[in-house]
Every structure is written in structure tokens, then in C-alpha cells.
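J.: Here it is, the structure in full.
Just so you know, all these numbers are worked out from the coordinates, no wet-lab data involved. This one's a predicted model, so the numbers in the text were calculated from it and none came from an experiment. Glycine gets a Cβ as well: all are built from the backbone with ideal geometry, and neighbour counts include every protein chain shown.
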Amino acid sequence: MRSFIEAHGLVKKYGKVVALDGFDLSIDEGTVVGLLGPNGAGKTTVVSILSTLLVPDAGSASVGGIDVLQSPKEVRRRIGLSGQFAAVDEYLTGFENLDMIGRLYHLGKEPSRSRARELLAQFDLADAADRPVKTYSGGMRRRLDLAGALVAAPPILFLDEPTTGLDPRSRIQLWSVIRELVSHGSTLLLTTQYLEEADQLADDIIVIDHGKEIAHGTSDELKSQVGGERIEVSIRHDASIRDAVQSLTQHASGTIHVDERTRSLVVPILGGAATLTAALRSLDADGIGLNDVGLRRPTLDDVFLALTGHTSGDTDQADAERQEA
Amino acid sequence: MIKQIRLAFADGSVIAKRNVIKIVRVPEVLVFVLISPIMFVGLFAFVFGGSIDIPGGSYREFLMGGIFAQTVIFGATFTGAGLADDMQKGIINRFRSLPMSQSAVVFGRTASDVVYNVLSLIIMALTGLLVGWRIHNGVINAVFAFALLLFFAYAFSWIMALVGLSVPSVEVINNASFIVIFPLTFIANTFVPSDNLPGPLKTFAEWNPVSSLTQAVRELFGNIPLGTPEPTAWPLQNPVIYTLIWSAIILAIFVPLSVRRYRRAAAKS
Ligand SMILES: Nc1ncnc2c1ncn2[C@@H]1O[C@H](COP(=O)(O)OP(=O)(O)O)[C@@H](O)[C@H]1O
Ligand SMILES: [Mg+2]
């Protein structure tokens, strides 16, 4: 069976910059796939090609079984897009924005209006519905933009960095909206710079860097490759390092890494805060003094370090090196 | 095919409606569409209108045709600036991801500018009546004069549409449009009869469609002072036909060019 969203060998160059360098993708119907990568990795380029905004230099893509390059208009009928930058009209009200989108999907006058009202209520924007978008906060704009992608209740959704730039509260709010959406069976491709976000929302994660897939798997699979959660402990006295290792072994899910010079231990674990609490009890019972302790969850940087040997922050430098080469 | 045209029309009017809403939301638009026409008519009427005597007529009335023509042509700047602005805002990506007619953004923009011009014309006419301008040739001719102004301005707005889609920023459009529009509206019979201009400028003015538009409007309103010598240049002897020919030629060239340019520009980003 063909997958619902498919791309083969996508290449896109901007002058010397290679935005996509032979990118493949395959998404099953009704699943959520997270495209995870640092700034400049090529995420927006992938989304733009799949949503018919951009023609690739090479490669092919289909969405819902329809060829993106041959029948862009057919594809547009089936997709909803919320781009990296909110695509809303500042001078129109929230209602006017959504109503306009409904009319341009050819839903008809009355259905457009009632759909707009329904979405504004669903996205907690009913009170602001008749104010110009100019007066909206960043989070409100984002929600309105997302609502815009849903006007025609499309079976396929593309969300490009939906929570970048939002405060933690708005981010968590938006996560629950997105979860609600996909619970109705939409197929979703979501891009993000945050491993945590991909972890929260996606069934499957594709890690992209320099326009190429560098890893692919479920969040658990990636984490086990990367090292998952771990406790970092800094021991007060040199003498108790050995005891500490012994005390923590029972809680570790893998090998404990010891740095004698800084008296710090890195303990891979499962079970998050509960395991951390248990580990602290053991250390306390054994009378081991600590300078510092912390629970670390893997970040995008860790993923990159594990997969490529450099952190995502290094990419600018890597770019520079590539240019010179 | 019929269905496609119907949808393109519907999409264009959705976009046009969006632009019309902005008249009351964007102060710059409001000032340009509603306030500046009052100032134009007022200033010209009192600064120039009173200072020049025309035997057998009123210079103030003579001026109105020129002010009408100049204002609706300046209105085309909006088409260019509006499109340039749209192309740079995120909203264009929304439009491009929708199953709408791809030329609706351009058609909707030029259509909404007709609405802008209708409003400007109404305000100018009312202000004109207030300062002593009169229609002497009957209502039907007057309606035809307004229609001719709107039609030529509509055609002209497609030139500015192409410019707006081709420039990198809104600021450029303002400069570019002044370079085009100022000579076009001043080397003409808008404010002084073209007979008084020196050699080459006189020829330019006689064949300038802004002159024929102004001449046509003056004739239709009955604002040509008695005893004014008959124009010698063909365009000014047949101003309505000459203006319509120009409008048709402009539309035939610039509609396809602008639509193609929009598709290119839209596909690029
Ligand atoms: N219009 C453009 N012109 C030139 N370079 C571009 C353009 N769009 C993207 N790029 C470059 O292509 C690469 C990938 O960009 P993008 O897909 O936007 O990455 P991401 O969305 O992952 O941040 C980057 O190096 C970016 O600078
Ligand atoms: Mg991006």
C-alpha cells in the first residue's frame, strides 16, 4: 500500500545553499509525524513543497495519493497549512479572517460564517472574534492561524513550528489543541525544534539536518539511541565517588559515566522524577554528600550530539566549513 | 469552464471585500480615499481657480475635469502598493495554499480600487459642487463621464499592479509611481490648456491619454468655456474614443502580464 504522504529524493537549492539534499518521507494515514531539526535544517522547505507553495529542483511528492507537482489545486483542497509565520490579515478581525478563508475554500456563505464562529469558540478566541488581529497577542495569532488551517476540516494538516516563540503556557495550551485535532484521525506533519514537542505529539520522528534525514523512529527509539533521561550528580568529596556509584547502580538503566576530575556522575535512568527521588534516598541513606544534582531530559542538542557528533548549535560553523570546502 | 469563471469571480470579490474593509481600518487608506480628494478640490479651486480669468467661463469648472482625472490615476498607486504589501506579508502564503483562483488576488485588488475610486469621485464631486462646479450637459453625459474616469483608472491600475508585483518593497512603489504618474498627469491639459505648452511637450500632452480623458470629461460635464478654440490634435477632437482605445490596449497588455507576474512571484518565495 502507498503511504498517505510521500516524498522521494527532494532537492531544493537556493544559489549555493542546498536547502534539501535528497529528502525522502513516508507518512501513513492517520498518524502524526514530527520533523525535528535546528534552524536552517530544511523543515520549512519540506512543508512548502508538500503544501504546493514551492516547486522542488528534483524529486517527487504526493499528498493523499495526489501528485503535488501535477495537481497542486487538487492537493490544496485536501490540506490545511499553518506556516512558520502566522498568515493572518492584521487589519481584519479574527472572524473576518476565518470567514474569508472559508469563502476561498468555497464552503458557501452561511457555512463559512458558522464554521468561523465554531472555530473561534474552539480556539478560545470567541471574545476577541470581532477585534482586528492587530490587537491580538502572539499566542492568539498562532491559534487563529491554526484555526485557519482547519476551516475546511482537511484530512491532511501541515504545521510548521506551531509553538516557536510562544510562552510555556500558550505552548502547552496549543499542544492540547493539536492532540484534540489528531484524535479525530487527521494526518499531521509537524515541524519543531524541540525534542520534547515531537515527543509529546508525534508517533514518529524524523530528524533532519542539512536537508537530509539523519535519524528516524519513535520517540522511544530515538531516546534510547541518544541516551534518554539521566541524573547528573556532583559529589562533595573525592572519597565517596566509589560509594556513590555503588549506591546508584540499582537505579541506573545503563552504564554510569564517571568524571573523577569534576567529581560528577551521569546516570542514565528510566522513570523520571520518581527514580530521581529514589536515587536521592539511597545516596542519603549511604551518607554521601552532594554539591549538586539534576534530572536531565534529552534535548535536540543531545540528539544531534549523539547522531552527528556536533550539537545543533554548531551547524552555523558546520555550514561555514562546508562553504569553504 | 463556466464554473471556473464563476469561482474566479467569487474569489476575486472575496479578496476585494477584504480590501474594502480596510478603508475604515487603515488610516492611510482612509486619508487617501476620503480626505485627500477634498483637499485637492479645495486647494485647486481656491489657489488657482480664483486667480485665472477665462473669458466666457469659469477656470474653477475647467479645473475640475483635470482634478478628477489626476486623482483617479493617482489612486492606481494603491493597486501597486497594496499588491507589494500583500506579497511581503504572511497572508500571501495562506492564499497560495488555498484551492482558490490564482489570479483572484490581482483581480480582487484592481476591483477594490474601483470601489476606492467611486468613493473618491463622489467626495470630489460633492466638494466641487460646494465650491461652484456645475454639470451643464445633463445627467446621462455626467454618468458617462464618471464611467469613463473609472474605466480608464481601472485599466491604468493594471500597469501599477505589474509594477507592484515586480518591486522588492512598498517604499519603492511609491517612488516608482511618482516617476510615472507625475509627468503623465502634469504634461497634459489637466491644469492648463495644452496649446500653451512649448513644442515637444505640447505634442506629448496632445497624445497623452490623460489629456484625452480630461478633455472628454470636460466636454461631457459641459465645462469647456465658450469660445475656446477647437482642439487641433485628433486625440483631443475624439477624446472619448481615444481614451477607450488606450484603456483597451492597456488592459490587453497588462492584465496577462500582471497575472503571469503574480504566478511567478507567488511560486518563487
Ligand atoms: N528563499 C530563500 N532564499 C535563500 N535561501 C533560503 C530561502 N529559503 C530557505 N533558504 C535556506 O535554505 C535552508 C533551509 O531553510 P528552511 O527550510 O527554512 O529551514 P528550517 O525551516 O528548518 O529552519 C536554510 O539554509 C535557509 O537559509
Ligand atoms: Mg522553518
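J.: Give the peptides A:41-51, A:77-87 in descending order of average Cβ contacts within 10 Å, highest first.
T.: On the way: A:41-51: 24.5, A:77-87: 21.8.
Going by the mean number of other Cβ atoms within 10 Å, highest first, we get A:41-51, A:77-87.
J.: What distance in nm lies between label points placed 7 Å from Cα along the C-beta direction at A:D243 and A:D130?
T.: Modelled inter-label distance: 7.2 nm.
J.: Also, quick follow-up: How many nm is it between the label spots at A:D292 and A:V17, if each spot is 7 Å from the Cα in line with the beta carbon?
T.: A separation of 3.6 nm, rounded to one decimal place.
J.: Have a look at A:H184, A:H237, A:H106 and tell me which one the Gaussian network model of chain A (Cα, springs below 10 Å) gives the largest fluctuation.
T.: Answer for the Gaussian network model of chain A: A:H237.
J.: Take the Cβ-Cβ distance between B:I179 and A:S71 as r, set R0 to 35 Å, and report the resulting FRET efficiency rounded to the nearest 0.05.
T.: On the way: r = 43 Å, r/R0 = 1.22.
Rounded to the nearest 0.05, the efficiency is 0.25.
J.: Per the Kirkwood treatment, what hydrodynamic radius in Å, one decimal, follows for region B:183-269 from the mean inverse distance over all distinct Cα pairs? Provide the component values of the computation, followed by the final result.
T.: Details: mean 1/r = 0.0689 Å⁻¹.
Across region B:183-269, the inverse of the average 1/r is 14.5 Å.
J.: In Å and on Cα atoms, what radius of gyration and Dmax does region A:108-184 show?
T.: 12.5, 38
J.: Over the Cα atoms of region A:230-296, what radius of gyration and what Dmax do you get, in Å?
T.: 10.4, 29
J.: Please provide three numbers in whole Å: the alpha-carbon extents of chain B along the principal axes, with the largest listed first.
T.: Each principal axis gives a Cα extent; for chain B these are 62, 37, 35 Å.
J.: Now for a different question. So what is the calculated 222 nm ellipticity per residue for chain A, using -39500 (n - 2.57) for each DSSP H run with n of 4 or more, over all residues, to the nearest 500 deg cm²/dmol? Write out the running numbers ahead of the final one.
T.: Values: 12 runs with 125 residues, N = 325.
Taking each H run of at least 4 residues, the total per residue is -11500 deg cm²/dmol.
J.: Right, here's the next one. Roughly what % of DSSP beta bridges within the protein assembly as shown run antiparallel, to the nearest 5? Could the numbers behind the result be given before it?
T.: On the way: 36 of 54 bridges.
Approximately 65 percent, going by the DSSP bridge assignments.
J.: Let me know the charge dipole size of the protein assembly as shown about its Cα centre in debye, to the nearest 20, where only the beta-carbon of Lys, Arg (+1) and Asp, Glu (-1) is charged.
T.: On the way: 52 positive and 59 negative charges, 441 e Å.
Using Cβ point charges on Lys, Arg, Asp and Glu, the protein assembly as shown gives about 2120 debye.
J.: Net charge around A:K109, counting only other residues with Cβ within less than 12 Å of its Cβ (Lys, Arg = +1; Asp, Glu = -1)?
T.: Numbers: positive: A:R103, A:R113, A:R115, B:K17; negative: A:D99, A:E110.
Counting the neighbours of A:K109, the net charge comes to +2.
J.: While we're on this one: So if R0 is 45 Å, what FRET efficiency would B:I2 and B:V139 give, r being the distance between their Cβ atoms, rounded to the nearest 0.05? The partial results should precede the final answer.
T.: Values: r = 36 Å, r/R0 = 0.80.
Using R0 = 45 Å, I get an efficiency of 0.80.
J.: Taking the Cα atoms of the protein assembly as shown, what is the range of coordinates along each of the three principal axes, in descending order and whole Å?
T.: 115, 54, 52
J.: Going by the alpha-carbon gyration tensor, a ≥ b ≥ c the square roots of its eigenvalues, is region A:39-168 rounded (a/c under 1.5) or, if a/c is not under 1.5, prolate (a/b greater than b/c) versus oblate?
T.: On the way: a/c = 2.53, a/b = 1.41, b/c = 1.79.
Because a/c hits 1.5 or more and a/b fails to exceed b/c, region A:39-168 counts as oblate.
J.: Over all residues in A:53-59, what is the mean tally of Cβ atoms on other chains that come within 10 Å of each residue's Cβ? Please list the in-between numbers first.
T.: Values: counts 8, 4, 2, 0, 0, 0, 0.
Taking all residues of A:53-59 together, the mean is 2.
J.: Using +1 on the beta carbon of Lys and Arg, -1 on that of Asp and Glu, and nothing else charged, what's the dipole of chain B about the Cα centre, debye to 20? Spell out each step's value before the answer.
T.: Values: 19 positive and 12 negative charges, 282 e Å.
That gives chain B a dipole magnitude of about 1360 debye.
J.: Something else about it: Determine, for region A:3-224, the count of lysine pairs separated by eight or more sequence positions (or lying on different chains) whose alpha-carbon distance falls under 24 Å.
T.: Total qualifying Lys-Lys pairs in region A:3-224 comes to 12.
J.: Residue farthest toward the positive end of the dipole of region A:200-284, with Cβ of Lys/Arg at +1 and Asp/Glu at -1: which of A:V226, A:S253, A:Q200?
T.: Projecting each Cα onto the dipole axis, the largest value belongs to A:S253.
J.: On a full-extension model of 0.36 nm per residue, what is the gain between B:V115 and B:L130, subtracting their alpha-carbon distance, rounded to one decimal in nm?
T.: On the way: separation 15, 0.36 × 15 = 5.40 nm, distance 2.29 nm.
Additional length available on full extension: 3.1 nm.
J.: Is region B:140-226 rounded, prolate or oblate when judged by the Cα gyration tensor, a ≥ b ≥ c being the square roots of its eigenvalues, rounded requiring a/c under 1.5 and prolate requiring a/b larger than b/c?
T.: Numbers: a/c = 3.17, a/b = 1.44, b/c = 2.20.
It is oblate, given that a/c is not under 1.5 and a/b is not larger than b/c.
J.: Residue by residue, what Karplus-based ³J(HN,Hα) values in Hz, rounded to whole numbers, does region A:113-129 have, using 6.51, -1.76 and 1.60 with θ = phi - 60° and x for Gly and Pro?
T.: So the J values, rounded to whole Hz, are 5, 5, 4, 4, 4, 4, 5, 4, 5, 4, 9, 6, 10, 4, 5, 9, 3.
J.: First measure r as the distance between the Cβ atoms of A:D284 and A:D167, then evaluate 1/(1 + (r/R0)^6) with R0 = 60 Å and state the FRET efficiency to the nearest 0.05.
T.: On the way: r = 36 Å, r/R0 = 0.60.
Here the calculated transfer efficiency is 0.95.
J.: Sorted from fewest to most neighbouring beta carbons within 10 Å, what does the list A:F304, B:F186 look like?
T.: Working: A:F304 25, B:F186 16.
Starting with the residue having the fewest Cβ neighbours, the order is B:F186, A:F304.
J.: What are the membrane-span-like helices in chain B by this rule: whole DSSP H runs, Cα extent along the axis at least 27 Å, mean Kyte-Doolittle hydropathy at least 0.5?
T.: Details: long enough: B:2-25 (35 Å, 0.43); B:104-130 (39 Å, 1.57); B:139-166 (41 Å, 2.13); B:239-268 (42 Å, 0.91).
Once both thresholds are applied, what remains is B:104-130, B:139-166, B:239-268.
J.: Any idea which of A:G139, B:I224, B:Y242 is furthest toward the positive side of the dipole for the protein assembly as shown, if Lys and Arg beta-carbons carry +1 and Asp and Glu beta-carbons -1?
T.: Towards the positive end, the residue furthest out is B:I224.
J.: Under the definition of partner shielding as Cβ atoms of other protein chains within 10 Å of a residue Cβ, what is the mean value for peptide A:88-98? Before the final figure, lay out the partial values.
T.: Details: counts 4, 10, 6, 8, 5, 2, 0, 0, 4, 3, 0.
Counting other chains' Cβ atoms within 10 Å and averaging over A:88-98 gives 4.
J.: Go through A:H216, A:N97, A:S183 and say which Cα lies farthest out towards the positive end of the charge dipole of region A:3-224; charges sit on Cβ, +1 for Lys and Arg, -1 for Asp and Glu.
T.: A:N97
J.: Could you give the length gained by full extension between A:S234 and A:S114, i.e. 0.36 nm per residue of separation minus their alpha carbon distance, to one decimal place? Walk me through the intermediate numbers first.
T.: On the way: separation 120, 0.36 × 120 = 43.20 nm, distance 5.91 nm.
That pair, A:S234 and A:S114, stretches by 37.3 nm at full extension.
J.: Now, a different point. Work out the length of the dipole vector of region A:3-224 about its Cα centre, built from +1 on the beta-carbon of each Lys and Arg and -1 on the beta-carbon of each Asp and Glu, and round it to the nearest 20 debye.
T.: Details: 23 positive and 31 negative charges, 160 e Å.
Once rounded to the nearest 20, the dipole reads 760 debye.
J.: Please compute the length gained on full extension between A:T218 and A:E196, using 0.36 nm multiplied by the number of residues separating them and subtracting their Cα-Cα distance. Mind showing how you got there, number by number?
T.: Details: separation 22, 0.36 × 22 = 7.92 nm, distance 1.26 nm.
The span from A:T218 to A:E196 would gain 6.7 nm if fully extended.
J.: At most 16 other Cβ atoms within 10 Å plus a DSSP loop assignment makes a site exposed; report the longest stretch of chain A without any exposed GluC sites (Glu not before Pro). Can you show the working numbers first?
T.: Details: sites that count: A:E29, A:E260.
Excluding the exposed sites themselves, the longest stretch runs over A:30-259.
J.: What does the C-alpha gyration tensor say about the overall shape of chain A? Classify as rounded when a/c is under 1.5, otherwise prolate if a/b is larger than b/c, or oblate.
T.: Values: a/c = 2.51, a/b = 1.71, b/c = 1.46.
Note, shape of chain A comes out prolate.
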